[in-house]
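Shown next, in structure tokens, is the structure this report addresses.
Any read-out appearing in this document is the output of simple, stated calculations on the displayed coordinates, not a laboratory observation. This structure is a prediction, so every number in the text was calculated from the model and none was measured. Glycine also receives a Cβ, built like all others from the backbone with ideal geometry; neighbour counts cover every protein chain displayed.
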Amino acid sequence: LLSQLHARLQRKFGGDPSKALAAAGTGDQATRELRLLSALVGYVASSEQAEQLVQLFLPYLRLKSSGRAERVKEHVLRVLRGLLRLVPQPHAHTRFLGLLFGALRSRGAREALCGVWATLAELEDGSD
């Protein structure tokens, strides 16, 4: 299901799901997709599926700043925190996640980002 969803988004939006989110903004379409992806998180069975979901969630963190977008970003960061434990190379996303410190405006979203970094640190300590 995930691979089909990912392929459909790539076909529909020329390989860039972030274009779809930019067009949808934080409206009903983006919220509907976010709810669907969030529901799928509970069924992740492999590291490949976790990586696909991470790739589908990352464009939500590029939304323009608004009150609703910040709540969306906070939710996505909390979901990503759990998914990073399943991804084979969670540190591949550190550059992008580091840039978010300058982009996030709400306290809740920044706290969620700190939680993601705490998870990355735990994973780094566990791999030594």
Efficiency of FRET between F101 and S47 - r from beta-carbon atoms, R0 25 angstrom, step 0.05:
0.40
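Between E122 and S3, what FRET efficiency comes out of the Förster formula 1/(1 + (r/R0)^6) with R0 = 25 Å and r the beta carbon distance, rounded to 0.05?
The calculated FRET efficiency here is 0.30.
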